[in-house]
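Working notes, beginning with the structure itself.
The values are calculated or read from the model by the stated rules, or taken from the named source; none is laboratory data. Nothing here was measured: the structure is a model prediction, and the numbers come from that model. Positions of Cβ are generated from backbone atoms using ideal geometry, with glycine treated the same way; all protein chains shown enter the neighbour counts.
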Amino acid sequence: MLTRIDHIGIACFDLDATVEFYRATYGFEVFHSEVNEEQGVREAMLKINGTSDGGASYLQLLEPTREDSAVGKWLAKNGEGVHHIAFGTADVDADAAAVRDKGVRVLYDEPRRGSMDSRITFLHPKDCHGVLTELVTAAGSHVQDPQDH
Ligand code: MC0
């Protein structure tokens, strides 16, 4: 079950300048930053709020580390802006399988490593009305207790 917006991925040319914009304009601070070589990104996670299933919601600022990466190609074509949205789930394997059964292309056979040791997969934007969509199970995420609301 998809329980939250885990993050909104924003592609940018200059990560440090974009981080500074979000800090100076809104007061958002960097919660975590890393380089993900497999995905070809340098990224900063700005935490917006925590959630009751053990996850949280973030803005994810993404600067490509190489031109032929997904974000590099997208930036060259579109310029800066919202690159993808990510829904949080306690069970990315089950939710990816359920979405695949509905005819949506899931881009990975098995979830891969995402930010902060999360497990992630992507759905093809052409099957999602133009929105590149990610499913994420955060490290430490747990199935939500019905009494958690
Ligand atoms: C491409 N398209 C998009 C799009 N990227 N549409 C909406 N949003 C996007 N972000 C569209 C293009 O405009 C094009 O449409 C068509 O999809 C094919 O795109 P392409 O430029 O030819 O590129 P492909 O086909 O080589 O790759 C597209 C694909 C790829 C979505 C399969 O970007 C991919 O595998 N993405 C998943 C991985 C990813 O994005 N990683 C970066 C974030 P037209 O109409 O022109 O044919 S990593 C991340 O976020 C991690 C660190 C995390 O969250 O923890």
A94 being farther than 21 Å from A11 by Cα and among the small types (G, A, S): yes
Where a residue in segment 13-29 is under 14 Å from Y58 (Cα atoms) and touching a residue at least 24 places away in the same chain (Cβ under 8 Å) and its partner, wherever it lies, is crowded, with 17+ Cβ neighbours inside 10 Å and among the hydroxyl-bearing types (S, T, Y), with Cβ under 7 Å and at least six apart: F28/Y22
Qualifying residue in segment 129-141 (condition: surrounded by 15 or more Cβ atoms within 10 Å (Cβ to Cβ) and in a helix (DSSP H, G or I)): no
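For every residue, the table says whether it meets (1) of a type in the set (S, T, N, Q); (2) more than 15 Å from the ligand (Cβ to nearest atom); (3) more than 20 Å from H129 (Cα to Cα).
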residue: T3; (1), (2), (3): yes, yes, yes
residue: A11; (1), (2), (3): no, no, no
residue: E37; (1), (2), (3): no, no, yes
residue: K47; (1), (2), (3): no, no, yes
residue: L59; (1), (2), (3): no, no, yes
residue: A70; (1), (2), (3): no, no, no
residue: F87; (1), (2), (3): no, no, no
Test for T121: is it under 16 Å from G9 (Cβ atoms), among the hydroxyl-bearing types (S, T, Y), surrounded by fewer than 18 Cβ atoms within 10 Å (Cβ to Cβ) and at pLDDT 95 or above: no
Among (1) surrounded by 15 or more Cβ atoms within 10 Å (Cβ to Cβ); (2) part of a helix (DSSP H, G or I); (3) charged (D, E, K, R) - the single one R23 does not satisfy: (1)
Among residues of segment 33-91, those that are over 20 Å from R119 (Cβ atoms), among the charged types (D, E, K, R), without any contact (Cβ under 8 Å) to a residue 40 or more places away in the chain and not in a loop (DSSP other than H, G, I, E, B), counted: 3
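How many residues are closer than 14 Å to P64 by Cα and outside any loop (DSSP other than H, G, I, E, B) if we restrict to segment 1-16?
Total satisfying the criteria: 5.
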